[in-house]
Structures are given as C-alpha cells and as structure tokens.
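Any read-out appearing in this document is the output of simple, stated calculations on the displayed coordinates, not a laboratory observation. Fair warning: this is a prediction, and the values are worked out from it, not measured in the lab. Here the Cβ is made from the backbone with ideal geometry for all residues, glycine too, and neighbour counts use every protein chain on show.
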Amino acid sequence: MTVAPYLLVRLGESLAALPAGAVRRVVRGTRLHPLPGAGLGLVGLAEFAGEPLAVLDLAQLLGQEGRTSRPPVTIVTWLGSGDDRELVGLGVDEAIEVTELDAAALALGQALVGGRPVIVVDTEQLGIEP
Amino acid sequence: MIGGFLIVRRAGALWGLPAERVSTIERVVQEGQGGAPGAPASNAPGLELHLAGGGRLTVDAVLTVAGNLRIHPLSGRLRRFLPAGAAGLALLAGEPLVLMAPEGEIPHA
Amino acid sequence: MTAMPPPASLTRATGTRIESGSPVTSAVLFAVVWAAGGWLLAGASRESNTPLLALLFHAAAVGCAIHFLAGRLRTHGRDSRSGMRAQLVEAFSQLGDGDLIRAGELARALDSDLAGGVERSVSGLATRVEQIQASSHAVVGAAEGVERGAAALAASSAQQAAAAGEVTAAMEELSRTAAEISEHAERQNQLVLSAESEGAGGAEAVAEAVEGVGAVERRIADVTARADTLGTRSREIFRVLELISDIAQETHLLSLNAALEASAAGDRGRRFAVVAGEVRILAERVRDSVASVRSQIEEFASAIRSTVVATEEGGKEAARVLAEARAATAALATLRTSLRESSEAARQIFSVTRQQTAATEEVLSTLRELHQVVERMSRDLFQLSATSRRLRTIGLDLELLAQTFRLDSPRSLKQLVHDWAARVPETPGAGAQELIDELVSCAPFVECGCLVDVKGRVLATQVADELRAGSAEALQELRRRNLSDRPWFRKALESSRAVVVPPQRSVMSGEPCIMVAVARRGSDGQPIAVVELDVNVRHWTEIGS
C-alpha cells in the first residue's frame, strides 16, 4: 500500500490533514490585515515571500461553524493545480506533525490517525464552488 | 491622472483605485489638519474623492499614486472571498492591498 | 463709809484700862520685852515678818512702860503733893489715851525734875511711836507692793502656765501627727518596695515578650523578603519559560517545515525527515515540560502569594503587638521611675518624721518640766500673795494702832485732822465749803472731806479731784444725809480726841479708806462742828516711801 505524507493540523477539536506536497510553509505570528466587506472565509491579507497572500479560514472552508478568534497558525498552501495553482494561506489552530497516510485517504476524504478521525483535505479542489 | 493606482486607506485597509477614476480629491473639513492631496501617510479624516462618472468616496487617507505595482490578479477561487469590484492584490511597502477594477466599488467598513 | 466692827487687837490696844501692878515685875517685863524687840529689829531682814514682830514687841514694851509708870505714879499719887500728883495723873492719863501732845503739855507744867523725867519719857515714847508709825507705813506699803508684785507674777505665771499648756497640747498634737505620718510613710514605703519588685518582674516579662515579638517580626520580615524574592524569581522563570515556549514553538514549526521539505525531496529527504521528526519531538517535549513547569510555578506562586498575604497579615499583627508591647514597656518604665521616686520620697518622709518625733519628744519633755515648774511657782506665788495680804492686814492694824497716838508729826492723822478742825471758824457756814475744798485739794491721800454740824447735817463736803467725775451722785446723797446716828460722829462729839475708824471699802473709789474725825470745839469747849476725813490707805502709805 502506498502512503503519502500529510501535514496534520488541528481545527478547534477536529483534525485535518493536508498533503505535504501542497504545503509550502507553516508560519506563525504573521501579520494579518483584516479586510472589511470580505467574505466570511477570508481571515485577512498577509505578506509572504514578498507577495500578497490571502488567508482563508480552513475550518470555514471545510464547513465548520462557530469560529470566533483568528487562527494563530497559517499554512501557506498551494491550492488548485497546474497553471491554476495559487498560494493561499490557510488559517489553522495548530500544526501538529507530518505523518504518513494511506494514499487512498485522499479519495476518501478522511482517515484515522491514532484512532481519531481526520479530514483529508484535497487542496486541488479546496475553495472551488461546485 | 493617467495610469497607476491611487492608494488610499479606508476602514483600516489599503486599497488601490485606478487613477483615472478619480477626478479630484477634496478635503472635507471635520477635524484636524492635513496635508495637500497626495501627501503620503496623512491621517487627516475627511478626504473626499470625486469620482469620474459621479459619486464620491470618503477615505481616511491618500497615500500615493503608485505606478509600478506588481499586480496579482484575483483567481476565481479568491474572487469569492474578496469584495466585488476587487481585481487583484498587490503589495506596497510590505503591506498587502486590494486593487479595484475601474468600475469596482470599494466597500464600506 | 459703812461702819465695821473694829478688829480685836485694836480693842485690846485702846480699850485697856491702865491697871497698877508690881513695879519689879513690870520693870523686868519691860526690860525683857524691850530687849527682845530691840534684838529682833536689829536682826530683821526686809522680806520677813520679823520687823513686824519687832514692832509688836516695841508696842508691847511701850504698853508695859505705861503700865509700870502709871503704877508707880499712882503710888506716888498718894503723896501729899496732891495737886502735882493730880496733874501727873492727868498727864499720864492723857498718855494712856495716846494724846502725847497733851501729856507733854501737862508734863511741862510739873516741877522741874519730875517734869524732866516725864517729858523725857513722853518724848521717847513719841519717838518710838513715830518710828512705829513710819515702820508700819513702810510695812503696809511694802506688803501692798509685794501683793501687787505677787498678783502680777501670779497672773503672768498663770498666763505662762496656760501658754505652756497650749504649747504642750500643740506639741503633743504635732507629735501624734508626726507619728501618724511616719507610720503612713513606712507603710507606703513597704507597699512601694513590694510593688517595685513586682514591677521589675513585670518589666522583665514585657521585655521578653517584646524581644520575642521582635524576633517574630524579624522572621516575618525575612519570610516576606524571601517571598518577594521568590515572586520575582517566579516572574523571571515565567519569562524564561515564555521564551523557551516560544523557542519550542519555533522549533516545532521548523521541524514541520523541515519535514515538509524532506517529503518534497522524496527518498533523498528521508533521513532529513527523520531528523526533522526528532527535532519536532524534542520541541514537543520542551513544550510539555514548559507547560508542566509553568503549572508548578503557578501553584508555587499562588501558594507563595497566599503565604505572603498571611504573612503580611501576621506581620501587621506582629507589628501591632510589638507597638503595644513597646508602649507597655515605656509605661512600665515610667511606672517604675515613679515608684522609685515615690519610694524615695516615702523614705525621706519616714526619716524626717522620725527625727521630728525625736525632737518633738524632747521638746514635750522640756515643756512638761516647765509646766511643773510653773505650777509650783504658781502655788508659791499664791501662797506669797496670801502671806502678803496677811502682812498688809497686820501692817494696817499696826498703822491704826500707831494712829491712835496723836503726835506732832505729819504722819499723825489725828494731828492732821486736829489742825484742820482748828481752822474751822466759830460760825461755820460761810467759807466752810472753801475750807473743805482747800483741805481736800492739799492732801492727796484724802478721798473725801466733810464738815458736819452738831446736829449731824452736812455743812460742806468735797472729794478728791480724780474722784470728782464719778462721785457727783454720791456727793449729792451725802449732802442730804444726816450723820447724827453714826458712831464715829457721836464719839467725836463726846470726846476731845480724834476718832479713827479702821479701814473700810470706800464707796467713791472702792479702795480701803480710814475715817478720821474730830470735833471742833469753841472757846467754851462746846462742839461747833465735826471735821471728817476719808483717807485712802494706799495713797496714805505711799507718802514718804
């Protein structure tokens, strides 16, 4: 069975896994500029490597409700694929570890890590309205 | 004004307006003093932009007219999360800003 | 001028009838008595009664002489020279009546050798009587002087005794008070001594307590300082922990990013991924440790805080106790000082009052002695006073006895009144008052003079100058009175001799007065008027002294 590396993150009480290949960097304490009139999923604008970075709330994107405070950790992630690829910041509560998951997990959209359910995020599709 | 973007601050965020959209900038006297239009980092409240095609826009400050901005056009993905009328993102002196399309409305706070 | 029965001695002296007796017996008696009198007079001292005795003896001798002579002469009177004898008898009869002047006159009419003898006897007698008069005068004066002196002395010694008594009483009071004070001071001293020893113990206890509290306070301060230090250290530790935590987080991120890079690097990044994993684990361990340490320190800091609070409370409490203890110590110290001072004062009082008591005792003892002496003196004076009064009485008796003799002497009252009577004119009336006034004013010893007619009516009367003011009423009364019933008046009328009445208390002056009265006879021998004098004994006796 093939495994693939995933970055395990925490969103509140739940866990999510992001494909390691899509994650450019994990950053913390980056300056976030909130944007008035922005959609609920946008945490704010930041700067990364000399470029503007839009930071979205991962929990929001995954459909989780009840977000109150700004997520402290930003996962700078490639969303989309090919030419459509763009760097977007994903706000999470905590970046835990890089771990290996079954390759099939992505298709499932979830996995179990240490007995706990983990949402496996498809970064190529994330944020695209169906 | 031709070309470039007028960089303004409004509601705590930086915005870039296509320069040709702004006909005049007028000081609206409320309190405090300010510099001449176009003076950078002015914090004087009550600046009114007279827009071409009518309409007014009150801004907190007018920072500069930037001509050589590296524009990052908004993807469809992100367009959803940004205000309507936003065309792209840029960076000015390390601070990210939203560039408005020529016909886009800068949202209120 | 009330009548008083004459004293017995006077009756004996003047009422004795001359009786004849054996000449030999008489002569021997005379000689013995005279000799005794002369001996006593020679050996007399002024303060004793011997002059009086001497005088009495002399008087007795005179009586004996007269007795003898009368006897002799009665014998001689049986001779044929009856005319001479009758004259001689008459002369001696006058002598016997005390009229030495008349006796002298009669004697001079006798024949020469008898006359000479009789005259010598008469003049000798006159001299003796004069001496008696003078001496009795002196005696009365002296007796009065002694009496006055004794009275004054008695009075002053009585005063002294009273004063001494008062002083004694005061001293006794003082002595009692001093004893009380002394006792009190002694008790006080005892109390103070016992209080002092207790106070010393109390002060020690307080000092210990203060010391103990001080030690506690110091410890508390120590603890608080340490707690402060610990608090500071905890804060430092927290900061360090924060730092470590931050580093741990960064390390964690670093490990994650490294792992991501390693995964992107594929197989070649595998070893790198392992290292990154270990780094991540390390970072997590650090994070956990930090969390643990932080929570422990939180607990510790919380405990310290509550300890500090409690300690601070305790410290405040200790400070309060300390302040109170210090105040108590100060108060005790003050008390001890006061007690010592009080004790010292009590000791001084005790000592002084003891001295006082001793001194007072001495004084009291002296006073008591003095008191006794004064009492004895008082009694002696009283006796002396009584003796001097007796002396005075005897003196007066003697004076009167002497006054029964009419002599040509200024001391003879009878002669005096005779002289005055002689100046009364044959027809008294006009000029009587002037005469009486003159007589009274020239004789300072005369209190009152009276001229009374044969019927007893007062023709003129006057009192001495100094008595005039208070005696107006008495005089008025006297002028109205009839004196014919008075014994002295009747006697004066009957006799050719002056009458002497023994001393009585005068109405005018309240002092003893002798009354002397004589009848003024006309050429026909009939009485015309009676001259009467009240003689103040004191003034009379002061004359010539």
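Each of C:Ala205 and A:Thr2 was given a label point 7 Å from its Cα along the Cα-to-Cβ line. The distance between the two points is 9.7 nm. The length gained by stretching the chain between C:Ser82 and C:Val293 to full extension, at 0.36 nm per residue less their Cα-Cα distance, is 57.4 nm. The mean sequence separation of alpha-carbon pairs under 8 Å and at least six residues apart, normalised by the residue count of the stretch A:3-120, gives a relative contact order of 33 percent. Peptide C:250-261 shows a mean partner chain C-beta count of 6 within 10 Å per residue C-beta.
Measuring r between the beta carbons of A:Ser14 and C:Ser302 and using R0 = 30 Å, the FRET efficiency lands at 0.35. Sorted fewest first by neighbouring Cβ atoms within 10 angstrom, B:Arg9, C:Arg423, C:Arg481 come out as C:Arg423, C:Arg481, B:Arg9.
Taking every C-alpha pair closer than 8 Å and separated by at least 6 residues, the mean separation divided by the residue count of the stretch C:412-545 gives a relative contact order of 28 percent.
What number comes out for the charge environment of C:Val216, summing +1 per Lys or Arg and -1 per Asp or Glu over other residues with Cβ under 11 Å away?
With Lys, Arg at +1 and Asp, Glu at -1, the neighbours total -2.
For a label point 7 angstrom out from the Cα of B:Glu103 toward its Cβ, which stretches of the stretch B:4-28 have the backbone nitrogen within less than 14 Å? Zone members listed by number: none at all.
Length available on full extension from C:Arg490 to C:Ala169: 0.36 nm per residue minus the Cα-Cα distance, which gives 109.2 nm. Beyond 25 Å, the tail of the calculated P(r) for the stretch A:1-104 holds 17 percent of the Cα pairs.
Nearest 500 deg cm²/dmol is fine: what mean residue ellipticity at 222 nm does chain A get from its DSSP H runs of n ≥ 4 alone, each adding -39,500 (n - 2.57), divided by its residue count?
Theoretical 222 nm ellipticity from helices: -1000 deg cm²/dmol.
Placing R0 at 45 angstrom, the Cβ-Cβ distance between C:Arg480 and C:Ala151 gives a FRET efficiency of 0.75 after rounding to 0.05. A protection proxy built from the mean count of other Cβ atoms within 10 Å ranks the segments C:279-290, A:11-22, most packed first, as A:11-22, C:279-290. In this Cβ point-charge picture (+1 for Lys and Arg, -1 for Asp and Glu), the stretch C:412-545 has a dipole of about 500 debye about its Cα centre. Peptide B:86-97 has a mean of 4 when you count, residue by residue, the C-beta atoms of other protein chains within 10 Å of its C-beta. Annotation: the residues C:Asp453, A:Asp83, sorted from fewest to most other C-beta atoms within 10 Å of their own C-beta, follow the order A:Asp83, C:Asp453. With each label modelled as a point 7 angstrom along the Cα→C-beta vector, the C:Ala358-B:Thr24 pair spans 12.9 nm.
Working from label points 7 Å from Cα in the Cα-to-Cβ sense, the C:Thr366 to C:Ala162 distance is 2.4 nm.
Using 0.36 nm times the number of residues separating C:Arg457 and C:Asp524, minus their current alpha carbon distance, what extension gain do you get? Can you show the working numbers first?
On the way: separation 67, 0.36 × 67 = 24.12 nm, distance 2.16 nm.
Roughly 22.0 nm would be gained on extension.
Shielding by partners for peptide C:112-123, expressed as the average number of C-beta atoms from other protein chains within 10 Å of each residue's C-beta, is 0. Ordering A:89-98, C:86-95, C:471-480, C:523-532 by mean Cβ neighbour count within 10 Å, with the highest value first, yields A:89-98, C:86-95, C:523-532, C:471-480. For the stretch C:412-545, the C-alpha radius of gyration divided by 2.2 N^0.38 Å, with N the number of residues, is 0.97. Listed from fewest to most Cβ neighbours within 10 Å, the set C:Lys316, C:Lys491, C:Lys414, C:Lys455 follows the order C:Lys455, C:Lys316, C:Lys491, C:Lys414. Near B:Val8: Cβ cut-off under 12 Å, other residues only, Lys/Arg at +1 and Asp/Glu at -1. The net charge is +1.
I want the local charge near A:Asp122. Using Cβ-Cβ distances under 15 Å, sum +1 for each Lys or Arg and -1 for each Asp or Glu among the other residues.
On the way: positive: A:Arg85, B:Arg77; negative: A:Asp84, A:Asp102, A:Glu124, A:Glu129.
So the environment of A:Asp122 carries a net charge of -2.
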